[in-house]
1. For region 203-220, does any single residue satisfy the condition of being out of contact with any His (no Cβ under 9 Å at 6 or more places or on another chain) and open to solvent by less than 10 Å² (accessible area, probe 1.4 Å)?
2. Would you please name the residue that is surrounded by the most Cβ atoms within 10 Å (Cβ to Cβ), looking only at residues in region 103-112 that are in contact (Cβ under 8 Å) with a residue 60 or more places away in the chain and within 22 Å of PHE227 (Cβ to Cβ)?
3. On the given criteria, is SER147 in contact with a helix residue (DSSP H, G or I) (Cβ under 8 Å, 6 or more places away or on another chain) and touching a residue at least 60 places away in the same chain (Cβ under 8 Å)?
4. Please specify each residue of region 72-93 satisfying the condition of being among the β-branched types (Val, Ile, Thr) and closer than 17 Å to VAL35 by Cα.
5. Quick one: in region 119-153, which of the residues that are of a type in the set (S, T, N, Q) and assigned to a helix (DSSP H, G or I) is surrounded by the fewest Cβ atoms within 10 Å (Cβ to Cβ)?
6. Can you tell me which of (1) in contact (Cβ under 8 Å) with a residue 40 or more places away in the chain; (2) of a type outside the set (Val, Ile, Thr); (3) in contact with a helix residue (DSSP H, G or I) (Cβ under 8 Å, 6 or more places away or on another chain); (4) part of a helix (DSSP H, G or I) is the one HIS300 doesn't meet?
7. So which of THR27, THR86 ends up being modelled with pLDDT of 75 or more, surrounded by 12 or more Cβ atoms within 10 Å (Cβ to Cβ) and in contact with an Asp or Glu (Cβ under 6 Å, 6 or more places away or on another chain)?
8. Got a number for residues in region 69-83 being open to solvent by 40 Å² or more (accessible area, probe 1.4 Å) and in contact (Cβ under 8 Å) with a residue 60 or more places away in the chain?
Amino acid sequence: MVFHWRKRILRFVILLIGISILCFILTALSSIDPVTYIIRRGNLSPTPEVIEQVSEELGLDKPLPVRYLTWITGALHGDFGESVFTRNAVSEDLATYFPATLRLLLLTLAEIIVFSLLLGVLCAAKQNKLTDHIMRGISLLGICLPSFWLGFLLLIAFAVEIPIFSVTPAPGIKGLILPSITLAFPVICSTVRLFRASLLEEMHRDYVRFARASGMSTRQIIWRKAFRNALPPVVTLFCQYVSYLIAGSAVVEKVFSIKGVGNYLMNCIMAADSNAIGACMLIIATLYLLAELGGEILNHFLCPWRKEESDVT
């Protein structure tokens with residue numbers, strides 16, 4: 001077991017280094033030139049002398065390996081450089097915008113956990129009945145819905161036609177209800193289908209047959225026996241969706257005018273802000289790797305016998 005976790009940590013470090021290199025290369029070799037953006041913003045003439053001066057100020061005249069080492073060293077100390085879009089330090093911008101995204105993410109994750117588990121159990125308990133067919137149809141539709149389109153539909157329905165919420169972001173949790181539903185709904189639909197399948201698979205195990213022979217009802221078997229054993233695939237998918245929600249919040253925050261990291265990233269992409277784009281990409285990728293590692297640790301504590309079975313196999 002110690003060897004297994006050492007190997008997982010080593011894999012995490014290697015992937016993190018590879019992702020940092022990939023993030024830097026994607027921003028450094030992009031066709032969008034931040035030098036041109038700065039010159040246009042300053043109403044300067046793009047003469048060779050001006051272009052050379054701006055390139056030197058941004059450190060773009062140095063070789064790529066030197067630029068990468070400078071960038072990753074600063075990133076390890078929390079210094080991602082200066083934002084071309086806001087003219088502030090990228091770390092200060094992230095500290096300003098991240099709390100709004102964090103509140104939205106926590107509410108979204110809470111909705112995903114509650115509704116995915118309850119609806120998954122309901123579908124498994126009502127297998128092939130009307131409730132199950134309706135939920136399967138809704139989940140299939142929800143997976144296909146684009147987030148931005150769903151967000152506009154919710155705004156039109158509950159902010160324009162039925163003015164329960166406001167079009168502009170309201171303070172407090174009320175202003176996060178529609179955005180969180182927009183983010184959570186497609187994920188809930190995917191997770192419900194997976195949890196239903198996982199529960200039904202567990203319901204055909206030998207220990208379930210023994211429980212039925214002992215006189216336990218279907219509800220008791222699901223909650224006391226099958227529920228915990230069916231969680232690992234859902235936990236894995238859920239942890240993978242954590243970073244997806246941060247990246248997906250870019251479109252949702254734009255639709256609902258929320259000043260979060262996603263909205264900030266979209267503005268930085270339009271402004272060719274390579275420092276901010278690289279920082280956001282690195283943070284999102286790091287969170288994905290951390291969530292994946294956390295999911296594996298959680299699965300080990302939920303069902304440690306699954307690891308033993310895989311080792312035997």
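The values are calculated or read from the model by the stated rules, or taken from the named source; none is laboratory data. The structure presented is a predicted model; accordingly, all values stated were derived computationally and were not measured. Neighbour counts run over all protein chains shown; Cβ positions are idealised from the backbone, glycine included. Side chains are part of the model used for accessible areas, which takes the heavy atoms of the whole protein and leaves out ligands, DNA and RNA. Shrake-Rupley method; radii C 1.70, N 1.55, O 1.52, S 1.80 Å.
1. Taking region 203-220 first, the residues out of contact with any His (no Cβ under 9 Å at 6 or more places or on another chain) are 203-220.
Of the ones still in play, those that are also open to solvent by less than 10 Å² (accessible area, probe 1.4 Å) are 208, 211.
Yes: one or more hits.
2. Filtering region 103-112 down to residues in contact (Cβ under 8 Å) with a residue 60 or more places away in the chain leaves 103-105, 107-109, 111-112.
Narrowing the set further to residues that are within 22 Å of PHE227 (Cβ to Cβ) leaves 109, 111-112.
On the way: LEU109: 18, GLU111: 18, ILE112: 23.
Going through the qualifying residues, I end up with ILE112.
3. Working: in contact with a helix residue (DSSP H, G or I) (Cβ under 8 Å, 6 or more places away or on another chain): yes; touching a residue at least 60 places away in the same chain (Cβ under 8 Å): yes.
Taking the combined requirement at face value, the residue satisfies it.
4. Our first condition is that a residue be among the β-branched types (Val, Ile, Thr); within region 72-93, this holds for 72-73, 84, 86, 90.
Answer for region 72-93, where residues must be among the β-branched types (Val, Ile, Thr) and closer than 17 Å to VAL35 by Cα: VAL84, THR86.
5. Quick first cut of region 119-153, residues of a type in the set (S, T, N, Q) only: 127-128, 131, 139, 147.
With the extra rule that they be assigned to a helix (DSSP H, G or I), the set shrinks to 131, 139, 147.
Numbers: THR131: 14, SER139: 22, SER147: 19.
Per the stated criteria, the residue is THR131.
6. (1)
7. Details: THR27 fails: in contact with an Asp or Glu (Cβ under 6 Å, 6 or more places away or on another chain).
Going through THR27, THR86 in turn, the sole match is THR86.
8. Pass one, region 69-83, residues open to solvent by 40 Å² or more (accessible area, probe 1.4 Å): 69-70, 73, 76-77, 79, 82.
Next, only the ones that are in contact (Cβ under 8 Å) with a residue 60 or more places away in the chain stay: 82.
Residues that pass the stated criteria total 1.
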